[in-house]
Amino acid sequence: MEEKQFEQENQNVNPLAALALLPSFLSKAEEATFMNVLYSSSARVRRDNFGLSRKEVEKQLGIEKNDHEFESFLARVNQAIGRYFQLIYDETRDQVVVMMRTTARRARGVLPKEAMAILMYIFYEQEVLQHPYTLFSQLLEAFGHESFQANRKIQSNIDILMKIGAVDHYSSVSSEEAYRLTAIGKHMFSDSFLRRFTEFSQSTQLNMDDVLKFYKRYNLEGRLNDDSLEA
C-alpha cells in the first residue's frame, strides 16, 4: 500500500525538482560540492569508484577535519532532498556518495532477481550475523552447486552488484574470493522492505520494532523508514 502510494505521488512530482530546494539549505560552495558528489556517484561515470573521498569533499567545502561541519553538510542535504536522494558517507571505503530512491518494483528492473537474492544473503550474513565477509563458496552452496554453469552465473550477478557499488572484494586470510557489503549495500533496503521480506519468509505479521532489532537497525544512520529500495 505504501509503495503504491509512493508510485502514485511520484507520477506528479519530478525528483529533480527537489534539487531546487538546495539553495535554501546550502551555500553556493556546498551546493556545488553536492552536485560534484552526485555526478561522481553515477555508475555510468565512475564504474567501480563511486563518489568522492571525504578529504576531497572537505577541500571543496573549505573545511578541514571538522566533524561538525561535515556532518552538518550531510544532514542539511538530506533534509532538503531526502525524499528522492540520500547522501551517505562510507567510512570504510572513505567515500561520500549519493543514492537515488526508487520503489522496489522499479528496482527489479535494475537488478535481476538472482542478484537481489545474493545481495539479501550477504546483507543477512553481515548485518544480522555480523560476519565480516561472505565467501564465494557460501554463495555457491546457497544458490547453486559446484558446476561451471552455477559458478559463472553467481559470479555474473556478483559483478552486477559490484558495478553498482553494493558489494566489494574483501582481503581475507583465506585465498578464496570473499566479499563485503558496502555502505551503499547497507542502505539499499528500507525498514518497510525488510519487514515485508521477513513477514513473507516467516509467514506471519511482525512488529516493526522486532524487525529493527532483528536487523540491528536502530543505530543505522540515514536509514529509510518508508517503503523503498535505494539503487
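Filtering the stretch 58-87 to residues that are assigned to a helix (DSSP H, G or I) and among the small types (Gly, Ala, Ser) leaves SER72, ALA75, ALA80. Is it the case that some residue within the stretch 67-78 is surrounded by fewer than 16 Cβ atoms within 10 Å (Cβ to Cβ), more than 22 Å from LYS186 (Cα to Cα) and not charged (D, E, K, R)? Yes: one or more hits.
Have a look at ASN36, ASN49 and point out the one that is assigned to a loop (DSSP other than H, G, I, E, B) and either at pLDDT 90 or above or under 20 Å from the mean Cα position of the chain (by Cα) (or both). Can you show your working first?
On the way: ASN36 fails: assigned to a loop (DSSP other than H, G, I, E, B).
Only one candidate qualifies: ASN49.
Looking only at the stretch 123-138, residues that are more than 19 Å from the chain's Cα centre (by Cα) and either closer than 21 Å to SER190 by Cα or touching a residue at least 40 places away in the same chain (Cβ under 8 Å) (or both) come to 2 in all. Residue-level check: of (1) assigned to a helix (DSSP H, G or I); (2) modelled with pLDDT of 80 or more, GLN5 misses just (2). All of (1) at pLDDT below 85; (2) under 20 Å from VAL97 (Cα atoms) hold for VAL173 with one exception: (2).
Restricting attention to helices (runs of 4 or more DSSP H) lying wholly within the stretch 95-201, give those where 3 or more residues are surrounded by fewer than 19 Cβ atoms within 10 Å (Cβ to Cβ).
Numbers: elements: 104-107, 113-123, 136-143, 148-163, 183-186.
Helices (runs of 4 or more DSSP H) meeting the threshold: 104-107, 113-123, 136-143, 148-163.
The values are calculated or read from the model by the stated rules, or taken from the named source; none is laboratory data. This one's a predicted model, so the numbers in the text were calculated from it and none came from an experiment. Note that each Cβ is placed from the backbone with ideal geometry, even for glycine, and that neighbours are counted across all protein chains shown.
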